[in-house]
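Working notes, beginning with the structure itself.
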Amino acid sequence: MRAAFSLAGLALLLGPAQAQDTKLTIQPGHGKVIQEYVVTERVQPVTVTIPLEIGATIPDGIKLAPVPLGMVAKVPEVRNYEYFVAGSKVVFVEPYTRKILQIVQ
């Protein structure tokens with residue numbers, strides 16, 4: 001019983017992002033909606049010098065933006081994340097760990 005409380009306490013201390021692996025699954029067809037939103041809203045791309053791959057940590061120098069309500073309305077699964085655009089890629093990031101969760105091309 002004490003071990004169960006210790007693990008629960010550890011999960012509370014570390015927070016939800018640290019306590020478990022966060023995954024983001026973009027529903028079929030939503031990738032196109034995301035790309036269209038980025039083009040329509042003229043989201044400015046950033047220059048990135050690191051490889052973009054799932055699980056990579058984004059450096060502090062790259063500014064992340066909250067996902068806009070207009071995108072959330074069309075793609076609700078991205079609600080709790082932040083993002084940036086690099087070239088033709090829309091990169092969704094876990095805001096607390098800054099780890100890449102999903103890349104839409």
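Data for the structure
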quantity: Filtered residues of the range 84-96 (kept if over 13 Å from His30 (Cβ atoms) and either in contact with a Ser or Thr (Cβ under 7 Å, 6 or more places away or on another chain) or part of a strand (DSSP E or B) (or both)); calculated: Phe84, Val85, Ala86, Lys89, Val91, Val93, Glu94
quantity: Residue in the range 5-18 that is at pLDDT below 90, in a loop (DSSP other than H, G, I, E, B) and exposed (fewer than 10 other Cβ atoms within 10 Å of the Cβ) present; calculated: no
quantity: Among the residues listed as Glu77, Glu53, the single one being assigned to a helix (DSSP H, G or I), touching a residue at least 40 places away in the same chain (Cβ under 8 Å) and closer than 17 Å to Thr22 by Cβ; calculated: Glu77
quantity: Subset of the range 31-48 (residues that are surrounded by 12 or more Cβ atoms within 10 Å (Cβ to Cβ) and either β-branched (Val, Ile, Thr) or in contact with a helix residue (DSSP H, G or I) (Cβ under 8 Å, 6 or more places away or on another chain) (or both)); calculated: Val33, Ile34, Tyr37, Val38, Val43, Val46, Val48
quantity: Yes/no for Glu77 being on the phi < 0 side of the Ramachandran plot, acidic (Asp, Glu) and either crowded, with 16+ Cβ neighbours inside 10 Å or within 13 Å of the chain's Cα centre (by Cα) (or both); calculated: yes
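The values are calculated or read from the model by the stated rules, or taken from the named source; none is laboratory data. Quick caveat, the model's predicted, so the values are computed rather than measured. All Cβ positions, glycine included, derive from the backbone under ideal geometry; neighbour counts span all protein chains shown.
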